[in-house]
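Everything below concerns the one structure shown next.
A short reminder: the numbers here are calculations on the coordinates, not readings from a lab. Predicted model, so just to flag it, every value in this text is computed and none were measured. Here Cβ is always computed from backbone atoms with ideal geometry, including for glycine, and neighbour counts include all displayed protein chains.
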Amino acid sequence: MLDDFFIRALIAGVGVALTAGPLGCFVVWRRMAYFGDTMAHSALLGVALSLFFEVNLLISVFGVAVLVSAMLLLLQRRQSLSADALLGILSHSALAIGLVLVAFMTWVRIDLIAFLFGDILAVTPADIALIWGGGAVVVAAIVWLWRPLVASTVSEDVAEAEGMNPARTKLFFMLLMALVIAIAMKIVGIMLITALLIIPAATARRFSASPEWMAVFASLIGAAAVIGGLFGSLTYDTPSGPSIVVAALLFFILSLVPAFGRTTSERPANKGVRG
Amino acid sequence: MLMNSRASSAPGKQAGEAETLVSLENAGIRRDGRWLVRGVDFSIARGEVVTLIGPNGAGKSTTAKMAIGVLKTDEGKITRAKSLRIGYVPQKLAIDWTMPLTVRRLMTLTGPLNEAETTSALEATGIPHLAGSEVRHLSGGEFQRALLARAIARKPDLMVLDEPVQGVDFAGEAALYDLIRTIRNATGCGILMISHDLHMVMAGTDTVICLNGHVCCRGTPEVVSQSSDYAKLFGGNARALAVYNHHHDHTHLPDGRVRHADGSITEHCHPDDGHHHGDQGHDHHRHDDHAHHHHGAHEGEGSRHA
């Protein structure tokens, strides 16, 4: 069954979506969409460095993503520029440097479009092992860190005062983001990884009564978007990443239709009941 | 009621030899070359209520965060009892509305609770009916009650309450201060409270620490309210007001109309007039020492450079 490239792509894509769901919720709750984008864009620099130094692609992409996020945190601490401006600088510089480096390396032949927008044809059985293995690590880490992650998202001060370690939690979160970007790159492509993190989470918001359910729904909605998008990609011969994102967007738009979205979370508030 | 402040805060509540939960020695925090607070010295014992008062920017929240280890000191030393369990109600808490968080889920933010513990804490703060409501739909006062319930339910050794009753209506305010005292009496926890709402807070307090970048004065509410540093910090009327300190920018005329600071006269006073509490603004005129109201005297919070 794994001989079929399309089945491979489906298995890999669903693995990525299940992993991205819970992490995407935190990206939304912590308002880190642009931050995720910056890390993802730096992945191309990781690709270029991996080709140049002939090191493993995954390790190189992961390393660069971690480095860029560390640099961002350091720059933020100096408070010379707003976080927004810093993200804009780092995000596009990392992407541009990656593109320039790739262009310099005339001796390697590289399918830039596949890296930027994903390529279902490129998924190998080894990639599947990597995605599901890496994904299992990420999901296990999120389950293990769940309470401190939620608590420090609500308030770092409260988490710290009540015996948690938000700084360490944040560090783990960065590492998990970098790992997801490294494993998701092949399916959705560098430009669109953040979309796979954010859109399913945003869609899940309407149907969720707790952070836990939102994480689960985000995974399921993401998986559905991957399946829909890959079928579309196959049918219309479109790049896999954009097709998945379009499918996710359709789910999001559907969730905005009032008839679908009315749940416990949308119940009128119990305002004015108290005497 | 807490309003009869002098009687309820009589000496005898002093913690004496009770176990010290936190002690600060010469503690200070510096940011961008400026000391936010410096030379802060105090300790909180089990069963003791310590209140930090002071004008805006006096470093009250900074001091509290320093005491519980959220901010690291740049100078001095902080000693906390081993495995000290803290319940913290911060001054501000902005929850992104994209997180679906019910009051019940908020209760277990930093540690597990069973249903009974959750319910009894919510009942204590008067919001059991809101357990299933989303936090973002709560009013300011309801949210404060939820935060207070969360801190209580943890059964902490030390509760740190940074303006715990902000946005709570006037009747509720007194009830919550009562509740805080009841919890102290029942559990023997220590309480570090921050307020600039002097007339309410000083009542239920063992030790008042008057802060303005440094400790200006300290002691029982009686001692502090008589000290000259306190008078300097909160204006000349503060001493005469004793443990009450009340400021208005408008005067209630005998016929029920209201004269404002700018001289205009209206039928009623408005919610944004000076120091009214919620929509029950006029309740505070039932104070027994009514004579001490100095309408129009606008001092206190504004006089930090006195």
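Here are some notes:
- Two-decimal log10 I(q)/I(0) for the range B:5-231, as the Debye equation yields it once each C-alpha is a single scatterer, q = 0.09 Å⁻¹: -0.36
- Across chain A, the longest piece that holds none of the trypsin sites (Lys or Arg not before Pro) lying in DSSP loops with up to 13 other C-beta atoms within 10 Å covers A:110-261.
- The number of Lys pairs in the range B:5-231 with C-alpha atoms less than 18 Å apart, excluding pairs fewer than 8 positions apart on the same chain, is 8.
- Debye-formula intensities of chain A, expressed as log10 I(q)/I(0) at q = 0.07, 0.17 Å⁻¹, are -0.26, -1.39 (one equal scatterer per alpha-carbon, no solvent).
- Remark: relative contact order (the range A:141-253) = 20 percent; criterion is Cα-Cα distance under 8 angstrom and separation of 6 or more residues.
- In sequence order, the range B:157-165 has phi-based couplings of 6, 9, 9, 10, 10, 9, 6, x, 10 Hz under the Karplus curve 6.51 cos²θ - 1.76 cosθ + 1.60, θ = phi - 60°, and Gly or Pro positions carry x.
- Under the combined filter of DSSP loop state and at most 16 neighbouring Cβ atoms within 10 Å, the range B:124-197 retains none of its trypsin sites (Lys or Arg not before Pro).
- In this Cβ point-charge picture (+1 for Lys and Arg, -1 for Asp and Glu), chain A has a dipole of about 860 debye about its Cα centre.
- Computed extension gain for B:L93 through B:K72, at 0.36 nm per residue and net of the alpha carbon distance, reaches 5.5 nm.
- Theoretical FRET efficiency, 1/(1+(r/R0)^6), r = Cβ-Cβ of A:I89 and B:Q226, R0 45 Å, to 0.05: 0.20
- Sparse-neighbour loop sites [trypsin sites (Lys or Arg not before Pro); the range B:42-131; at most 12 other C-beta within 10 Å; DSSP]: B:K72, B:K82, B:K92
- Counting Cβ atoms of other protein chains within 10 Å of each residue's Cβ and taking the mean over peptide B:78-86 gives 1.
- Amide H contacts of B:I209 (H built 1.01 Å from N, under 5 Å, at least 5 apart or other chain): B:T51, B:L52, B:I53
- 3J(HN,Hα) from dihedral phi, the range A:113-128, Karplus parametrisation 6.51/-1.76/1.60, rounded to Hz, x for glycine, proline: 4, 5, 6, 6, 10, x, 8, 5, 5, 7, 6, 9, x, 5, 4, 4
- Dipole orientation for chain A: of the candidates A:G133, A:L23, A:A94, A:L23 has the Cα lying most toward the positive pole (charges on Cβ; Lys, Arg +1; Asp, Glu -1).
- Here's the picture: a label point sits 7 Å out from the Cα of A:A96 along the beta-carbon direction, and within the range A:57-89 the residues with their amide nitrogen under 16 Å of it are A:85-89.
- Computed from backbone phi with θ = phi - 60° and the Karplus coefficients 6.51, -1.76 and 1.60, the 3J(HN,Hα) list for the range B:173-188 is 4, 4, 5, 5, 5, 4, 4, 4, 5, 4, 5, 4, 5, 6, 9, x Hz; x is used for glycine and proline.
- Amide hydrogen proximity for B:L36: with H placed 1.01 Å from N in the peptide plane, the residues at 5 or more positions away or on another chain lying under 5 Å are B:I29, B:R30, B:R31.
- Between the beta carbons of A:W146 and A:A103, assuming R0 = 35 Å, the FRET efficiency works out to 0.20 to the nearest 0.05.
- FRET efficiency estimate (nearest 0.05) - Cβ-Cβ, B:E19 to A:L220, R0 41 angstrom: 0.20
- Positive end of the dipole of the range A:5-263 (Cβ unit charges, origin at the Cα centre): among A:F104, A:W213, A:F251, the Cα lying farthest that way belongs to A:W213.
- Averaged over B:129-141, number of beta-carbon atoms from partner chains that fall within 10 Å: 3
- Taking amide H as placed 1.01 Å from N in the peptide plane, the amide H of B:M159 sits under 5 Å from that of B:G87, B:G190, B:I191, B:L192, each at least 5 places away or on another chain.
- Counting every C-alpha pair in the range A:135-235, the share spaced more than 25 angstrom apart comes to 26%.
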